[in-house]
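Read through the structure below, which is laid out as structure tokens, and then see the notes.
Any read-out appearing in this document is the output of simple, stated calculations on the displayed coordinates, not a laboratory observation. Given the structure is predicted, the values throughout are model-derived calculations rather than measurements.
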Amino acid sequence: MTKPHVLQMGSYPDWDMPPLEARFVIHRLYEAPDRAAMLAEVGPKVRAIATRGDLGASAEVIAACPQLELIAVNGVGYDAVDFEAARARGIKVTNTPGVLDGECADIAVGMMLALARGIIGGDAYTRSGDWAKKGPYPLQRRVWGQRAGILGLGRIGMELGRRLQGFGMKISYLARSPKPVPEGWEFIADPAELAAASDFLFVTALANASTRHIVNARVLQALGPRGMLFNISRAQNIDEAALLDALEEGAIGGAGLDVFEGEPALNPRFAALNNVVLQPHVGSATVETRVAMGKLMLDNMVAHFDGAPLLTEVI
Ligand code: 8YV
């Protein structure tokens, strides 16, 4: 059987490559010295694109692959795939839901504890000897028993809510409609009302045109100077300029962010703040989960070319 040609948009962990290369002829676009030349040369042969949540597949790349049948995303978020271009040509899209929910919930909880309890500053205070020189570390904010808001109650939001329940928190959530949830969780349809009802507001919504800047200046104002915001979804869900203003002015208490506009570049205004905890898009980045994501992406690709049903099809 001849191996189908696959265009790979970004790097994967080493262990993903041997099984991919056993089944497919892989062309690494991200390593090409001349991207346009590579697209022109291999595009006509490509039947699948293997990509990541943060990289997706643009209309330009899709157009360069006239025989494209499948875009397989190693990631749950598929917002970076040009859906119109894929749909117009009946190209299938798969992602890797379900295997990264706990990881993403964990990093949100980690950022909440780090920010509210000043854990990162506390580490520096201890290492530098400031503790001995300056005395006890400044008092921080309580976490347990506070009010949590979850903006976007999908699988990751549910995992997060379960963890926050363990902290004795009052949980409110926003979703398109009320969902079957544990007793006591409150549905709030308006993002600003959700923010007003939250000490800690977590953004876990998938990103699309209707969620773009769903956290805007009005929502940040409602969160208020004691409120803290956490984003483990996509940068575009937050109006980043309004967020930076709010952080600089102390209009909100702080933010824990795993995603940024234009990442991996960072707006230097973030680095100058002391009321933030910043992470390099690592929500799903554990060995265990990345093994599972790589396997699920490969299983979808193999299923497609074997004519079997896709495991996790987006469209
Ligand atoms: C990474 C992600 O960007 O799952 C997602 O949507 O954002 C991430 O897990 C990446 O896709 C990992 O390969």
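If you take the Cα atoms of the chain, find Rg, then find the Kirkwood Rh from the mean of 1/r over all pairs, what is Rg/Rh?
1.02
Beyond 27 Å, what share of the Cα-Cα pairs of segment 177-315 remains, rounded to the nearest whole percent?
Across segment 177-315, Cα pairs with separations above 27 Å total 35 percent.
Over segment 37-132, what lengths in whole Å, largest first, do the semi-axes of the equivalent ellipsoid take, defined as the square roots of 5 times the eigenvalues of the alpha-carbon gyration tensor?
Its equivalent ellipsoid spans semi-axes of 43, 16, 9 Å.
Hey, could you pull the Cα Rg and Dmax for segment 101-278, both in Å?
Just the Cα atoms of segment 101-278 yield Rg and Dmax of 16.0, 54 Å.
In whole angstrom, note down how far apart the Cα centers of segment 163-192 and segment 31-88 are.
Measuring centre to centre over Cα atoms gives 37 Å.
Holding the Cα-Cα limit at 29 Å, pick out from 45/295; 45/92; 170/295 the pairs that are longer than that.
Distance filter (> 29 Å) returns 170/295.
What residue among 128, 198, 177 shows peak mean-square fluctuation when the chain is described by a Gaussian network model with Cα springs under 10 Å?
Residue with maximal mean-square fluctuation among 128, 198, 177: 128.
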